[in-house]
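Nothing in this text is a laboratory measurement; each read-out follows from the coordinates by a stated rule. Given the structure is predicted, the values throughout are model-derived calculations rather than measurements. No Cβ is skipped: glycine too gets one built from the backbone with ideal geometry, and neighbour counts run over all protein chains shown.
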Amino acid sequence: MARNSPNNLPENKPNIRERLKALANLPAFLKEVYQTSPSLTIGNTLLRLLRSLMPVSSLYVAKLIIDEVILQVSNTPKDFHHLYLLIGAEFALAIIGDLLARGISLTDSLLGDLFANRTSVQLMKHAASLDLAQFEDATFYDKLERARQQTAGRTILLSQTLAQGQDAITMGLLLVGLIAFNPWLILLLLVAVIPSFLGELHFNAKSYSLQYGWTPQRRELDYYRFIGASDDTAKEVKLFGLSDFLIDRFQTLSIQYFKENRKLSIERASWGSLLLAIGTLGYFAAYGIIIFQTVNGAVTIGSLTFLAGSFRQLRALLEGILGRFNSISQGALYLNDLFEFYKIEPKITSPVLARPFPKEIKEGFRFENVGFKYPNSDKWANRHLNFTLKVGEKLALVGENGAGKTTLVKLLGRLYDPDEGTIYLDGFDLKEYNLSELRERIGVIFQDFQRFQFTAGDNIAVGDISRREVLPELQRAAHQSLADTVIEKLPLNYEQPLGKRFAKGVELSGGEWQKVALARAYLREADVLILDEPTAALDARAEYEVFKRFAELTKGKTAILISHRFSTVRMADRILVLDKGQVLEIGTHQELLAQNGRYAELFNLQAEGYR
């Protein structure tokens, strides 16, 4: 895998204006949170509102207690009634504060989990609506990776955003008392906080830039981590002795990232210590002023406690608010990644007034000068395709690897749209039909079909997930594909988990997996069935039996077969030979042999191998 140095990536260090602009994402974010659970959101807000009153209430009661204690020291006789009430009030505030804090923590956790789940579902739904071509683009994958990271990390942003409002209310109440005593203390408060805040703002921006710029490399690290310790790759890794190679690639890249991050961390810690010392100086200057005023009799001892405590808490709250601003603005920047992903729109869609898929195909499919190029490629995968797939016809596609056979099939199912030319269905452009209906009526099993780590029944039900609970339908499809001979040997039959990823899973051979995959096509009962080399892991006899049964079961239906075995291909009604993405020959097996062209050459070469 080719690697791009982060030094070659565009700089993405957001300035303060961009960070403030990113805060515009918060209303949409909070709306999403509210829609996740209105009751939890309102409950959390009310709890935080009550919690915001606790610090100033506790400080004021403590002031009253100290003043009352000093008063009772000089009083004769002593009257402890009022003092007991104040101590009881302070105790009650402590209990209430703890309960509110636990309630906030609980609702934060529940709301965060629900929001993470909801965001994950939305992400999967949106990804499912996008085009196949978009998934084959590296830039798209970077956006998808950054969007995925937001599904789990937004719980912290939620808590921080709500805490910001809570602390702002508390700070406002404390400021009233501080300003009444000495407004100049506000300047010292700013001196104690602003330098540290600006430092954090600067280094958070650099941290975001580092994370953003390293997205492709982090995906590469995840890839090495996966293939270096996976059941899917274990055989090749052991047989080819790839372990050291993979470890070396992983360590080289991870150490490079570590060095970049270490440099930033050291710089951050050094400047942070200096700026924190300036803040501490500002705090003790204010503390000295309050003590001096108390000694001179300007305020009581209780007021000293209240003001010193207020300044200390204001400093902590302001640091928290400013520090949280850094985190929130950074989180809001990351929200850009999520919302930008949501803005990606598929190009292959149904028209507003979509034509319904015909209940019965009458004319078939016609390719008229169809051409297609993959994104970011100058090479035509298919070009000048002109042929008709007739109703009820079995058409075989033949050609060397890279000839464009699979691409043609994907064009038929509108996984791609042609870059030139038109595909017609019963005389109408394929783009005019309802996209969902089109794909529902076409059943495709690709050579690289997915081996889902589901039960055997669910693996078949993938072909038509609406029939997942209809066991007779699953059994019918399994019988037609010969997968029933595989499933009946499994301990749990249709409930048997396949693959080794989860407990009690059983691994199948390549041929057994292919029979299960074929059952998906039979379950679908589509108007057009396409088998794209799905029997490559079967021996010649087994493949012949599969295709023979396929031909019997698809009588009256339109079908496309792709296979490299000519013993199978010759069962088709017509054979289309592709070369470099273009139609080279088309006709029956006998007609193509008589032409003595490419098909006859390939057929004779394969036949010679069996002699």
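Observations, loosely collected:
- Karplus 3J(HN,Hα) series, Hz, for segment 577-583 with 6.51 cos²θ - 1.76 cosθ + 1.60 (x for Gly, Pro): 9, 9, 9, 6, x, 10, 6
- Angle in degrees between helix 598-609 and the longest Cα principal axis of the chain, rounded to the nearest 10: 90 degrees
- Ordering of 351-361, 293-303 by packing is 293-303, 351-361, highest average first (other Cβ atoms within 10 Å, averaged per residue).
- Computed over the chain, relative contact order equals 14 percent, with contacts defined as Cα pairs under 8 Å that lie 6+ residues apart.
- Size of segment 451-525 from its Cα atoms: along the principal axes, largest to smallest, the extents are 31, 22, 19 Å.
- Angle of helix 301-343 to the longest C-alpha principal axis of the chain, folded into 0 to 90 degrees and rounded to 10: 10°.
- Under 5 Å from the amide H of Lys373 lie the amide H atoms of Ala381, Asp419, each residue being 5 or more positions distant or on a separate chain, with H modelled from the backbone and absent for Pro and chain starts.
- Spatially proximal lysines relative to Lys489 (Cα-Cα < 18 Å; intrachain offsets below 8 disregarded): Lys500, Lys504, Lys515
- Cβ crowding within 10 Å ranks Ile194, Ile575, Ile291 as Ile291, Ile194, Ile575, fewest other Cβ atoms first.
- Additional length obtainable on full extension of the chain from Leu242 to Ser254, 0.36 nm per residue less Cα span: 2.5 nm
- Expressed as a fraction of 2.2 N^0.38 Å, the value expected for a compact globular protein of N residues, the C-alpha radius of gyration of segment 20-343 is 1.33.
- Among beta bridges that DSSP assigns inside the chain, antiparallel share in %, nearest 5: 50 percent
- Viscosity 1.002 mPa s, 20 °C: Kirkwood-radius Stokes-Einstein D of the chain over Cα pairs, µm²/s: 70 µm²/s
- Hull shadow area, averaged, segment 356-451 [alpha-carbon convex hull, nm²]: 7.0 nm²
- Loop-resident GluC sites (Glu not before Pro) (DSSP state other than H, G, I, E or B) in segment 460-529 with no more than 15 further Cβ atoms inside 10 Å of their Cβ: Glu469, Glu488, Glu507.
- Amide N proximity, segment 426-448 versus Leu353 label position 7 Å along Cα-to-Cβ, cut-off under 18 Å: 428-435
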